[in-house]
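Novice: Handing you this structure, nothing more for now.
Throughout, read-outs are computed from the coordinates displayed, never taken from laboratory work. The structure presented is a predicted model; accordingly, all values stated were derived computationally and were not measured. Here Cβ is always computed from backbone atoms with ideal geometry, including for glycine, and neighbour counts include all displayed protein chains.
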Amino acid sequence: MEILITAVIISLLSLSGVAFFGKTGHLVGTHRFIVPFAIGAFLGITFFELIPETLEASHFYGSVAIVAGFLLFYLLSNILHTYHHHHDDGGHDDHCAATKVSAMMLLWGDAIHNVTDGIVIASSFFINPAVGIATAIGIALHEIPQEIAEYGVLLQAGYSPKKALFLNFLSAFGVVVGAGLSLIFIGFLGEYMWVLTGVAAGNLLYIASSDLLPGVHKESHINGSFIPSFIATLAGVILIAGLISYTHTL
């Protein structure tokens, strides 16, 4: 139950972010502190928990699951144009919102993205509830500015504020769908949980290295903020490493 509750909260956070920051999608410090910290958290969760757990359960096939998770999300990202999600500190490029078709493609891509986020959250909770909470926080940190920007895209595409908010929530609800599917999978095929943890590891590794890091890297060169961003990333890694180490001693 705590998995589904967490997934629902993540979905609702996107709406609360829009309500708090308004239409502009502007969230100060996104690429300097928030996203870099999320990258560090994802790297810590991937390398200190998900990958070791997966390989312990099945060394060879666990490796296959990790690589498959990475490649699968890479494929989905390109097919559904989720590279529209650059997590810019101010919104998306204007051409992304030129038509409702592109806006709907953006929503579908983000819905798939959110389903995989739900799988990651559920997999982390199954391994360790504390790691599950840390994973959910990391996902929320990078989802909130993204969802705010997408809300702005929908507005620019001609949707009313209410409909844009509703469509954005439907997309965000993919987190709950992914978590629910994971619960069903574990209920019937619990001995193959390493498949989920492997896919989750590959997914987080892709998100951190290919989806989030380029935007941070670009921003650090423009504003000369590499050191603060690097420290934020390191803080995320250290915090997760400490949390995992502590929970393993309980």
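Novice: Beyond 20 Å, what share of the Cα-Cα pairs of the range 140-202 is found? Please give it as a whole percent.
Specialist: 46
Novice: Which whole-Hz ³J(HN,Hα) couplings does the range 232-237 yield from phi under the Karplus relation 6.51 cos²θ - 1.76 cosθ + 1.60, θ = phi - 60°, glycine and proline marked x?
Specialist: After applying 6.51 cos²θ - 1.76 cosθ + 1.60, I find 5, 5, 4, 4, x, 5 Hz.
Novice: Over all directions, average the projected area of the Cα convex hull of the range 118-250 and note it in nm².
Specialist: Averaged projected hull area, Cα only: 10.1 nm².
Novice: Using 0.36 nm times the number of residues separating Glu191 and Val8, minus their current alpha carbon distance, what extension gain do you get? Could the numbers behind the result be given before it?
Specialist: Working: separation 183, 0.36 × 183 = 65.88 nm, distance 2.64 nm.
The Glu191-Val8 span can extend by a further 63.2 nm.
Novice: Given a Förster distance of 22 angstrom, what is the FRET efficiency for Leu71 paired with Met104, based on the Cβ-Cβ distance and rounded to 0.05? Don't skip to the end; give the middle numbers.
Specialist: On the way: r = 26 Å, r/R0 = 1.16.
It comes out at approximately 0.30.
Novice: Lys and Arg at +1, Asp and Glu at -1: add these up for the other residues within a Cβ distance under 14 Å of Phe125 and post the number.
Specialist: Every neighbour counted, the sum reads -4.
Novice: Summing +1 for each Lys or Arg and -1 for each Asp or Glu, what net charge is found among the other residues whose Cβ lies under 15 Å from the Cβ of Met193?
Specialist: -4
Novice: Report the calculated FRET efficiency for His59 and Leu234 (r = Cβ-Cβ distance, R0 = 25 Å), to the nearest 0.05. Walk me through the intermediate numbers first.
Specialist: On the way: r = 30 Å, r/R0 = 1.18.
After rounding to 0.05, the efficiency reads 0.25.
Novice: Pop out the ³J(HN,Hα) list for the range 128-140 in order, Karplus 6.51 cos²θ - 1.76 cosθ + 1.60 with θ = phi - 60°, rounded to Hz; leave Gly and Pro as x.
Specialist: Coupling constants for the range 128-140: 6, x, 5, 5, x, 5, 4, 5, 4, 5, x, 5, 4 Hz.
Novice: What is the sum of charges, Lys and Arg at +1 and Asp and Glu at -1, for the other residues whose Cβ falls under 15 Å from the Cβ of Thr116? Numbers along the way, then the final one.
Specialist: Working: positive: none; negative: Asp110, Asp117, Glu143, Asp211.
Value of the local net charge: -4.
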